[in-house]
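Chemist: Have a look at the structure that comes next, please.
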Amino acid sequence: MSSSYPYYIVWTGALHLGDTPGVFMDAQYAGLLVQIPITVTFVSERTDPIVFVVTTTEVEIFDNKKHPIYWDWTPGTPLPTPVGYIDDQDLITGQPEKHLLSIPQNSAAIGKHWITIQVNPETAAGLRDDFVLRRLEAHESIGAKIGW
């Protein structure tokens, strides 16, 4: 693994999140929330926190209300503290934007986990912005794969 970019791809594709289906023709529409099953297979003893990187395109936000990302949320339970956010960092439309997820090592034991990405729930319907999830990467100090 190159020391200049210590991440590897766990998943790549094009998932459209938001409330306006059909906006991004290269992306499969997923709705307002997506849960990605992740299996952690190895965690370095020196790693705290564990780190994932989410790459998106076409992100816009309203009133600085970012799209939260959660670790190990179970539907029907209260939402935990987000481990990261998707926000609009690049003003050039269509350019990839990277978002860091920081998960405490004690929350990322070897085994099955979920990464949940939610379109901002605080913005009124019709104004919730859409974005495309392009890639999920993990830091080389952990082992992670998509699915169980």
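Chemist: Give the residues of the stretch 103-134 that are open to solvent by 50 Å² or more (accessible area, probe 1.4 Å) and within 13 Å of the chain's Cα centre (by Cα), sorted by residue number.
Modeler: Answer for the stretch 103-134, where residues must be open to solvent by 50 Å² or more (accessible area, probe 1.4 Å) and within 13 Å of the chain's Cα centre (by Cα): Trp114, Arg134.
Chemist: So is Ile86 open to solvent by less than 20 Å² (accessible area, probe 1.4 Å), over 11 Å from the mean Cα position of the chain (by Cα) and touching a residue at least 40 places away in the same chain (Cβ under 8 Å) or not? First the steps, then the outcome.
Modeler: Details: open to solvent by less than 20 Å² (accessible area, probe 1.4 Å): yes; over 11 Å from the mean Cα position of the chain (by Cα): no; touching a residue at least 40 places away in the same chain (Cβ under 8 Å): yes.
No.
Chemist: Tell me yes or no: at least one residue of the stretch 6-25 is surrounded by 16 or more Cβ atoms within 10 Å (Cβ to Cβ), of a type in the set (A, V, I, L, M, F, W, C) and either over 19 Å from Trp114 (Cβ atoms) or without any contact (Cβ under 8 Å) to a residue 40 or more places away in the chain (or both).
Modeler: Within the stretch 6-25, one or more residues are surrounded by 16 or more Cβ atoms within 10 Å (Cβ to Cβ), of a type in the set (A, V, I, L, M, F, W, C) and either over 19 Å from Trp114 (Cβ atoms) or without any contact (Cβ under 8 Å) to a residue 40 or more places away in the chain (or both).
Chemist: I'd like the full set of residues that are over 26 Å from Phe24 (Cα atoms) and free of Cβ contacts under 8 Å to residues at least 60 places away in the same chain, limited to the stretch 107-148.
Modeler: The one that is over 26 Å from Phe24 (Cα atoms) and free of Cβ contacts under 8 Å to residues at least 60 places away in the same chain: Ser107.
Chemist: Filter the stretch 26-59 down to residues that are surrounded by 13 or more Cβ atoms within 10 Å (Cβ to Cβ), of a type outside the set (Gly, Ala, Ser) and in contact (Cβ under 8 Å) with a residue 60 or more places away in the chain, then give me how many there are.
Modeler: 20
Chemist: Return a yes/no flag: does the stretch 73-83 have any residue that is modelled with pLDDT under 95, in contact with a Pro (Cβ under 9 Å, 6 or more places away or on another chain) and open to solvent by less than 70 Å² (accessible area, probe 1.4 Å).
Modeler: Checked against the condition, which is being modelled with pLDDT under 95, in contact with a Pro (Cβ under 9 Å, 6 or more places away or on another chain) and open to solvent by less than 70 Å² (accessible area, probe 1.4 Å), the stretch 73-83 yields no hits at all.
Chemist: Moving to a separate point now. Being closer than 14 Å to Trp114 by Cα and not aromatic (Phe, Trp, Tyr) is the filter; apply it to the stretch 139-148 and report the residue that is most open to solvent (accessible area, probe 1.4 Å). Give the derivation first.
Modeler: Of all residues in the stretch 139-148, those closer than 14 Å to Trp114 by Cα come to 144-148.
Those still in the list that are not aromatic (Phe, Trp, Tyr) too: 144-147.
Values: Ala144: 15, Lys145: 101, Ile146: 74, Gly147: 17 Å².
Among residues in the stretch 139-148 that are closer than 14 Å to Trp114 by Cα and not aromatic (Phe, Trp, Tyr), the one most open to solvent (accessible area, probe 1.4 Å) is Lys145.
The values are calculated or read from the model by the stated rules, or taken from the named source; none is laboratory data. Only a predicted model underlies this, so the values are computations on that prediction, with no experimental measurement involved. Glycine also receives a Cβ, built like all others from the backbone with ideal geometry; neighbour counts cover every protein chain displayed. Note: accessible area is taken over every heavy atom of the protein model, side chains too, but ligands, DNA and RNA are not part of it. Shrake-Rupley method; radii C 1.70, N 1.55, O 1.52, S 1.80 Å.
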